[in-house]
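Q: Sharing a structure below in structure tokens format, with a few things to ask.
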Amino acid sequence: MKKVQDEIRHWTSEKDRLTEKDIDNLKYFKMVIKETLRLHTAVPLNRQNPDVREGVRVFINVWAIARDPKVWDQPEKFIPERFKDSLVDYRGQHFELLPFGGCRRICPGINMAMATIEFVLANMLHRFDWKLSDGMTPEELDLEEGRGFTVFRKSLSSLCLSIIIVDLELQVHPCINHIEPE
Ligand code: HEM
């Protein structure tokens with residue numbers, strides 16, 4: 001978290017927010033997003049056109065591919081650095097990483113999704129410091145996923161974050177917000 005926030009705050013050209021141009025400089029931030037898309041694939045089974053035989057439906061388990069130890073070193077671990085100096089991308093050309101699918105059924109919203117995720121997340125990390133509530137360790141955070149056509153967080157009950165708003169001079173104020181699950 002600190003590493004990615006340091007990078008974001010280093011490259012912020014305007015005082016209070018990142019512009020789309022700043023985001024081009026965020027190399028580590030982009031690796032973090034790629035690793036998140038790998039480890040938490042939102043659409044685990046992709047459809048393919050029924051080219052194989054009429055009446056046959058083919059699904060590709062991209063969730064399993066993204067965790068295949070033959071392809072990924074320590075696949076269950078969140079290691080953004082694995083994408084450093086790697087050409088592997090999520091735009092359907094590299095079959096080991098298909099969070100947006102590929103071929104004719106590739107997600108047509110990929111550019112909109114990535115522009116939104118990058119812009120919103122970078123600015124949230126720029127303006128807020130995020131930490132777990134007192135006494136909670138990262139290991140205790142329940143990241144188990146529910147299964148469906150799309151993946152979702154199975155339990156929100158363990159999510160309890162403290163947010164610290166950082167002012168324009170990047171001085172940290174005491175915690176002023178506390179989000180509790182409903
Ligand atoms: C992180 C965000 C997103 C992810 C991970 C994602 C992922 C995917 C995947 C994997 C597919 C293929 C599903 C399949 O094989 O059946 C797909 C299809 C599709 N996506 Fe996305 N998507 C995202 C955001 C968006 C957005 C923002 C839009 C529209 C503005 C969009 C519109 C569509 C449409 C229309 C299809 C169906 C394409 C077809 O059936 O040929 N998606 N998406």
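Each reported figure results from applying straightforward, stated rules to the coordinates on display, with no laboratory input. Everything numeric here is computed off the predicted structure, so don't read it as measured data. Positions of Cβ are generated from backbone atoms using ideal geometry, with glycine treated the same way; all protein chains shown enter the neighbour counts.
Q: Under the rule of at least 5 residues apart or a separate chain, name every residue whose amide H is placed under 5 Å from the amide H of PHE100.
A: none
Q: Give me the net charge of CYS107's neighbourhood, meaning all other residues with Cβ under 15 Å from the Cβ of CYS107; Lys, Arg count +1, Asp, Glu -1.
A: +3
Q: Hey, another quick one. What FRET efficiency, computed as 1/(1 + (r/R0)^6) with R0 = 25 Å and r the Cβ-Cβ distance, is obtained for ASP6 and ALA64, rounded to the nearest 0.05?
A: 0.15
Q: Further question on the same structure: Of the listed peptides 101-108, 29-36, what is their order by residue-averaged count of other C-beta atoms within 10 Å, with the highest listed first?
A: 29-36, 101-108
Q: Order of 141-149, 4-12 by packing, highest average Cβ count within 10 Å first? Walk me through the numbers before you get to the answer.
A: Details: 141-149: 11.0, 4-12: 16.8.
Taking the mean over residues of other Cβ atoms within 10 Å, the ranking is 4-12, 141-149.
Q: Continuing with the same structure: With N denoting the number of residues in segment 2-128, provide Rg(C-alpha) divided by 2.2 N^0.38 Å, to two decimal places.
A: Dividing the Cα radius of gyration by 2.2 N^0.38 Å gives 1.20.
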